[in-house]
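Asks: Okay, here's the structure, questions in a sec.
Just so it is clear, none of the values below were taken in a lab; they were calculated from the coordinates. Note that the coordinates shown come from a computational prediction; the quantities given were computed from them, not determined experimentally. Backbone-built Cβ (ideal geometry, glycine too); neighbour counts: all protein chains shown.
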Amino acid sequence: MFRAIEHLTFNEVVASPNLVRPVMIEYGVKKMPGEFDVTKHALVPKHAILSEAEKKKITQKYRLTGQEFPRILKTDPALASLKPKEGDVIKIIRNSQTSGKAVFYRRVVSV
């Protein structure tokens, strides 16, 4: 016999055999809900590592030294699949309601 859920304590709900625990299945491999590729999320903008030639072009265009770029941590979840090195410059392309696309640059730093 089931009791109304509003009368159950948290521990009773969690221990219940009737509790549905979501599990994502991808290509036959079970993954827990906390494990996902953050770069595939709709709100995460595209990230790309610039080549040395592109880096030089951007530093000349904006008259910046490598140290003057805004920073992004090497441990940022959006960079996990890129495997950047310290000092790399990341190009971030965000969707913008006013300009369509907005481009940002960040220098990779370690903690």
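Asks: Filter the range 93-111 for residues that are of a type in the set (Gly, Ala, Ser) and either under 18 Å from residue 62 (Cβ atoms) or part of a loop (DSSP other than H, G, I, E, B) (or both) and give the result. Can you show your working first?
Replies: Residues of the range 93-111 of a type in the set (Gly, Ala, Ser): 96, 99-100, 102, 110.
The answer is 99, 102, 110.
Asks: Filter the range 89-104 down to residues that are within 18 Å of the chain's Cα centre (by Cα) and basic (Lys, Arg), then give me how many there are.
Replies: Total meeting the criteria: 2.
Asks: I'd like to know if the range 74-88 contains one or more residues that are more than 23 Å from residue 36 (Cβ to Cβ), surrounded by 12 or more Cβ atoms within 10 Å (Cβ to Cβ) and touching a residue at least 12 places away in the same chain (Cβ under 8 Å).
Replies: yes
Asks: Restricting to the range 45-79, count the residues that are within 11 Å of residue 108 (Cβ to Cβ) and either in contact with a Ser or Thr (Cβ under 6 Å, 6 or more places away or on another chain) or in a helix (DSSP H, G or I) (or both).
Replies: So the count comes out to 3.
Asks: Ok, one more. (1) surrounded by fewer than 13 Cβ atoms within 10 Å (Cβ to Cβ); (2) assigned to a strand (DSSP E or B); (3) free of Cβ contacts under 8 Å to residues at least 40 places away in the same chain: which one isn't true of residue 42, the others all being true?
Replies: In the conditions (1) surrounded by fewer than 13 Cβ atoms within 10 Å (Cβ to Cβ); (2) assigned to a strand (DSSP E or B); (3) free of Cβ contacts under 8 Å to residues at least 40 places away in the same chain, residue 42 misses (2) alone.
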